[in-house]
Amino acid sequence: MAYQFTVTATSACGQSPPSEPSAAVTPSSTRGTIENPLFYPRPPRSVLVGAAAPIWITVPGGGDVILLAESAPSQRFVVVRRFDTGSEARASTSVNPRSNTVLFARNSNGDSPHEQIAVRSALALSGRAQAGQAQVMGSIVPGRAGVTIRICSVTKGQARQIDSAVTGDGGRFSAAEPLRAGTTYIAQSVSDTTNAAGQSNRITLGN
């Protein structure tokens with residue numbers, strides 16, 4: 001059903017004649033005012049590769065919303081979740097990104113601001129010692145080639161780079177030269193567009 005409205009003015013002099021009728025208005029049955037979705041609280045700024053990143057989406061007025069993500073090196077957003085936020089106007093989920101990821105939520109009214117999650121590489125370091133020398137090797141997750149690795153010695157809690165390597169097939173790497181036994185070592189990956197920097201476990205190889 002459509003309605004029209006008129007306006008009158010009242011003062012000490014009396015009441016004015018009614019105005020011309022307004023344009024016809026048909027009331028909507030939509031619940032509340034649908035606004036752009038928001039991430040609140042905001043997602044974590046960084047996570048370790050494969051770890052769960054909690055996501056909370058708030059939609060003032062409620063309704064359907066979709067979550068889209070773009071994970072490096074891809075440059076295309078894909079739908080990863082669909083929600084009906086219901087009367088609480090909130091939805092929660094988690095994602096397990098393996099590379100740097102950008103997220104946004106979308107409903108019928110528009111898009112939320114974009115949020116970026118930096119994903120730190122995971123490194124595993126191992127080695128063997130013989131005749132006073134140590135051979136250090138390891139691997140990185142995600143296991144991809146071409147990642148620069150810093151190999152560092154650790155003394156009194158301070159890391160100092162002593163060698164570098166570049167990952168090969170499957171993300172494996174090794175120090176170019178034998179290192180000194182009896183020393184503690186760690187490995188660190190260098191940030192790139194796909195993953196944030198990560199750090200390995202510490203190893204101490206015998207004399």
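The values are calculated or read from the model by the stated rules, or taken from the named source; none is laboratory data. It should be emphasised that the depicted structure is a prediction, and the values quoted were computed from it without experimental measurement. Note: ideal-geometry Cβ built from the backbone for every residue, glycine included; neighbour counts use all protein chains shown.
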*Could you list all residues from the range 131-143 that are free of Cβ contacts under 8 Å to residues at least 40 places away in the same chain and outside any loop (DSSP other than H, G, I, E, B)?*
137, 139
*Residue check for residue 79: farther than 30 Å from residue 152 by Cα, modelled with pLDDT under 85, hydrophobic (A, V, I, L, M, F, W, C) and surrounded by fewer than 17 Cβ atoms within 10 Å (Cβ to Cβ)*: no
*Any residue at all in the range 177-193 that is free of Cβ contacts under 8 Å to residues at least 40 places away in the same chain, of a type in the set (Phe, Trp, Tyr) and either touching a strand residue (DSSP E or B) at 6+ places or on another chain (Cβ under 9 Å) or crowded, with 19+ Cβ neighbours inside 10 Å (or both)?*
no
*Consider only pairs whose beta carbons are under 7 Å apart and that are at least six residues apart or on different chains; among these, list those whose first residue lies in the range 144-165 and is under 16 Å from residue 200 (Cβ atoms) and whose second residue is acidic (Asp, Glu) and part of a strand (DSSP E or B).*
151/163
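Given the options 105, 145, name the one that is of a type in the set (A, V, I, L, M, F, W, C) and outside the structural domain of residue 199 (by TED's automatic domain parsing). If you could, list the steps in order and put the result at the bottom.
Values: 145 fails: outside the structural domain of residue 199 (by TED's automatic domain parsing).
The match here is 105.
May I ask you to verify whether residue 87 is of a type in the set (S, T, N, Q), surrounded by fewer than 14 Cβ atoms within 10 Å (Cβ to Cβ) and not in a strand (DSSP E or B)?
Values: of a type in the set (S, T, N, Q): yes; surrounded by fewer than 14 Cβ atoms within 10 Å (Cβ to Cβ): yes; not in a strand (DSSP E or B): yes.
Yes: the conditions hold for residue 87.
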*Taking the range 64-111 as the region of interest, how many residues are more than 21 Å from residue 45 (Cα to Cα) and among the small types (Gly, Ala, Ser)?*
5
*Here are some conditions: (1) assigned to a strand (DSSP E or B); (2) out of contact with any Asp or Glu (no Cβ under 6 Å at 6 or more places or on another chain); (3) surrounded by 15 or more Cβ atoms within 10 Å (Cβ to Cβ). Residue 97 meets all but one. Which one does it not meet?*
(1)
